[in-house]
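Comments concern the structure below.
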Amino acid sequence: MRNLKREIQSKILKNLKKNKVLVLAGARRVGKTELVKSTISKLEEPYLLFNGEDMAVQELLQRRTVENYKHVLGDKKILIIDEAQKIPEIGLKLKLMIDEIEGLKILVTGSSAFDVSNKMGEPLTGRMKTIRLFPLSEKELRETETVTEHKDRLHQRLIFGNYPELIHLSNIEDKTEYLRELVDTYLLKDILALENIRNASKIKNLLRLIAFQIGGEVSYQELGTQLGMSKNSVEKYLELLEKVFVLYKVEGFSRNLRKEITKTSRWYFHDNGLRNIIVANMNALPLRQDVGQLWENYIISERLKRLSYSEILSNKYFWRTYDQQEIDWVEEREGKLFAFEIKWNPRKKVKVPAAWEKGYPDSTFVQITQANYLEWIL
């Protein structure tokens, strides 16, 4: 069994500060609880650990007074709450604690950006730092792999994704069952609980349509027509899927050149395994027609991890014109533009689109393939 050190382990300890709240946010089953346990083993001060889904904990914290919270904490200097967003008015409660209890450090986890931002964000403005945890990254995985193992395992990850528990499962059937359970039991449960949405089939059908459009622009109107729902409902569902860390939205880049497309969006899955289980296709790469989509989705999800973990401030886009010139990924950072075209086949050379080269002559253009992708994501 491989034990992997998570990249952000040291960041948690570094950012656990007096009279501040540190939020560890990420989807279900990406390893937040294990990371908290690992952090606890390195603490030198007394701590108190709660599970926000425990009704007894919710009752214990219900009375919002300084005296109650001082009594609950006792001599503990660190408060840790797993799934903190499950506690009613958690933001107000945490604010009172860090404002009135001198020297208290607070670490909380949350599996929904919706809950973290709305139930914690506003009351804790200026008092909170959020760190994202994703499924395992290539950098984390390579720490335990030899060069010869890496290629075969990369092909497997394009199919099954990078959820931590998968590395302990040895056969296809177990991995497939794990992903099916993850979607049905955890993912859909969280989404449906956010706004009392009851139509799980609509959510799954929407995810299926998005899965087949990786790398292409999405029309909310067309999706609504196919699903028998309004354009506004489609947008609402997609927003929820983004807030529970299932999907990631990329908008079109433009600096007002007449032919550039900006009114549509592209959507990617944060994990390939979720994408493939949604379309019920866990076949190996030689048997698939969608390898290009799998590669593009995987590389972009890995790039997002790298930018987040390295705290690189960057605006992220795709670029396309009405005459079909396009670039998969554009980053705007440090006052510069960096364009990337993602191709599975390293022998397929791509030229810089003429309209891009003319409109943005000072930009950088790089093709990302199997031959050089590690430089980009590590």
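The table for this structure:
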item	result
Calculated from backbone phi, Karplus (6.51, -1.76, 1.60) coupling profile of region 17-33 in Hz, x at Gly/Pro	10, 5, 6, 9, 10, 9, 9, 9, 10, x, 4, 4, 6, 8, x, 4, 5
Residue-averaged 222 nm ellipticity for the chain, from DSSP H runs of 4+ at -39500 (n - 2.57), nearest 500	-11000 deg cm²/dmol
Spin-label model distance (nm) - Thr262 vs Glu34, 7 Å beyond Cα toward Cβ	4.3 nm
Degrees, to the nearest 10: 231-243 long Cα axis against longest axis of the chain	60 degrees
Karplus 3J(HN,Hα) series, Hz, for region 303-316 with 6.51 cos²θ - 1.76 cosθ + 1.60 (x for Gly, Pro)	5, 4, 4, 4, 4, 5, 5, 8, 6, 8, 6, 7, 8, 10
³J(HN,Hα), Karplus 6.51/-1.76/1.60, whole Hz, each residue of region 341-349, x for Gly, Pro	10, 9, 9, 5, 8, x, 7, 8, 7
Amide hydrogen neighbours beyond the local backbone of Leu48, cut-off 5 Å, H modeled	Ile78, Leu79, Ile80
The chain: relative contact order in percent, alpha carbon pairs under 8 Å with at least 6 residues between	15 percent
Within region 157-377, percent of DSSP bridges classed antiparallel, to nearest 5	70 percent
Under 5 Å, built H, 5+ apart or other chain: amide partners of Thr130	Val23
For region 337-377, convex hull volume per residue from C-alpha positions, Å³	63 Å³
Overall Cα dimensions of the chain - principal axes, largest extent first, Å	67, 47, 44
Burial ordering of His270, His168, His150, fewest other beta-carbon atoms within 10 Å first	His168, His150, His270
Equivalent-ellipsoid semi-axes of region 1-79, from the Cα gyration tensor, Å, largest first	26, 16, 11
Prolate/oblate/rounded call for region 9-132, Cα gyration tensor, a/c under 1.5 rounded	rounded
For the chain, share of DSSP beta bridges that run antiparallel, in % to the nearest 5	40 percent
For region 40-196, share of DSSP beta bridges that run antiparallel, in % to the nearest 5	0 percent
Approximate spin-label separation Thr65-Glu45, in nm, with each point projected 7 Å along Cα-to-Cβ	2.6 nm
Normalised contact order of region 9-132, rounded percent, pairs of Cα under 8 Å and 6 or more residues apart	41 percent
Highest to lowest packing among 301-307, 333-339, scored as the average C-beta count within 10 Å	301-307, 333-339
Computed E for Gln324/Lys139 - FRET, C-beta separation, R0 25 angstrom, nearest 0.05	0.10
Added length on full extension, which subtracts the Cα-Cα distance from 0.36 nm per residue, Asn19 to Val72	17.4 nm
Amide proton proximity set for Lys18, modelled H, under 5 Å, gap of 5+	none
C-alpha center-to-center spacing [region 23-91, region 238-308] in angstrom	33 Å
Computed lengthening from Asp174 to Thr148, 0.36 nm per intervening residue step minus Cα-Cα distance	6.9 nm
Exposure proxy ranking, count of Cβ atoms within 10 Å, fewest first, for Glu375, Glu222	Glu375, Glu222
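Every read-out reported here was derived from the displayed coordinates using simple, explicitly stated rules and does not represent laboratory data. All values derive from a computational prediction rather than experimental measurement. As a convention, Cβ positions derive from the backbone with ideal geometry for all residues, glycine included, and neighbour counts pool all protein chains shown.
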